[in-house]
Amino acid sequence: MLYWLDHKDIRFPAIDSALEEPNGLLAAGGDLRPERLLEAYRQGIFPWYEEGQPILWWSPNPRAVLLPGDIHLSRSLKKTMRQQKFTVTADTAFAEVIAACGELTEQRTGTWITSEMEAAYTTLYQQGIAHSIEVWLENHLVGGLYGLGIGQLFFGESMFSRVTNASKVAFVHLANQLQCWEFKLIDCQVPNDHLTRLGATTIPRSEFKDYLIKYLDKPAPSSPWHLSWQF
């Protein structure tokens, strides 16, 4: 059963009531107010929809995740990291990163990052909840990612790359920095080949819920984020 959300009420139905097909679709409607978004993520729910659709809310089973200590570097990625041709920063260009994640390219002919989504997550960034990792080459932004940091969990949203391996470099720095901060999990939402090659796996929704219960209310690093990890 697909639930329709009231604009005044930010509560969600239990995630175990999400549909099996399409996998994880739970509810539609509502809005992207910061308080609704936070309530969603705290329950393991995220918005994902296209322009012209109502807001769709998802909680797939199984869930794609990565333990920060399990990040995998291929031989070529290790070589790229050793070359140290990139400069990597955090929380210095959030608006540029989320805009780049929504850009249309030859490989990406559609996007779910609408102007409404950009505005909503930028507000969360201004509140110290959303964060970005930026990868620079000769002072040009060439890659990055963004997501939400709540307690000791990071909820990844999207990444982009304008040169080879730039998004992977961002993800490696994110995972290792989160490990330094004792984060327990990176939520990757749904599996794909790119994330699997970096070490992502899947866990049952019930196990993901356990992480939410245990780690959402743990102390988090102060905002804005500053990277201390070095390859």
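Being touching an Asp or Glu at 6+ places or on another chain (Cβ under 9 Å), acidic (Asp, Glu) and under 25 Å from residue 86 (Cα atoms): is that true of residue 134 here?
yes
Does the range 130-169 hold any residues that are hydrophobic (A, V, I, L, M, F, W, C) and out of contact with any helix residue (DSSP H, G or I) (no Cβ under 7 Å at 6 or more places or on another chain), and which are they?
Of everything in the range 130-169, those that are hydrophobic (A, V, I, L, M, F, W, C) and out of contact with any helix residue (DSSP H, G or I) (no Cβ under 7 Å at 6 or more places or on another chain) turn out to be 136, 137, 163, 166.
Going by what's in this entry, would residue 35 be described as over 20 Å from residue 195 (Cβ atoms) and either crowded, with 22+ Cβ neighbours inside 10 Å or without any contact (Cβ under 8 Å) to a residue 60 or more places away in the chain (or both)?
Against the criterion (over 20 Å from residue 195 (Cβ atoms) and either crowded, with 22+ Cβ neighbours inside 10 Å or without any contact (Cβ under 8 Å) to a residue 60 or more places away in the chain (or both)), residue 35 qualifies.
Kindly indicate whether residue 220 is out of contact with any helix residue (DSSP H, G or I) (no Cβ under 8 Å at 6 or more places or on another chain), surrounded by 13 or more Cβ atoms within 10 Å (Cβ to Cβ) and in the same structural domain as residue 149 (by TED's automatic domain parsing).
Judged against the criteria, residue 220 is not a match.
Do any helices (runs of 4 or more DSSP H) lying entirely in the range 143-227 carry at least 1 residues that are out of contact with any Asp or Glu (no Cβ under 6 Å at 6 or more places or on another chain), within 17 Å of residue 60 (Cβ to Cβ) and not small (Gly, Ala, Ser), and which ones are they?
By residue number, 193-197, 205-215.
Among the residues of the range 216-231, count how many are of a type in the set (Phe, Trp, Tyr) and touching a Gly at 6+ places or on another chain (Cβ under 9 Å).
The qualifying residues number 1.
Which of the residues spanning the range 177-192 are of a type outside the set (Asp, Glu), over 15 Å from the mean Cα position of the chain (by Cα) and more than 15 Å from residue 72 (Cα to Cα)?
180, 181
Residue 129 versus (1) in contact with a strand residue (DSSP E or B) (Cβ under 6 Å, 6 or more places away or on another chain); (2) surrounded by 23 or more Cβ atoms within 10 Å (Cβ to Cβ); (3) within 28 Å of residue 27 (Cβ to Cβ); (4) in contact (Cβ under 8 Å) with a residue 40 or more places away in the chain: which is the lone unmet condition?
(2)
In the range 4-15, is there at least one residue being touching a helix residue (DSSP H, G or I) at 6+ places or on another chain (Cβ under 8 Å), surrounded by 14 or more Cβ atoms within 10 Å (Cβ to Cβ), at pLDDT below 95 and among the β-branched types (Val, Ile, Thr)?
Checked the range 4-15: at least one residue is touching a helix residue (DSSP H, G or I) at 6+ places or on another chain (Cβ under 8 Å), surrounded by 14 or more Cβ atoms within 10 Å (Cβ to Cβ), at pLDDT below 95 and among the β-branched types (Val, Ile, Thr).
The values are calculated or read from the model by the stated rules, or taken from the named source; none is laboratory data. The model shown is predicted, which means the values in this text are computed figures rather than measured ones. Methodologically, a virtual Cβ is constructed for each residue, glycine included, from the backbone with ideal geometry; neighbour enumeration extends over all protein chains shown.
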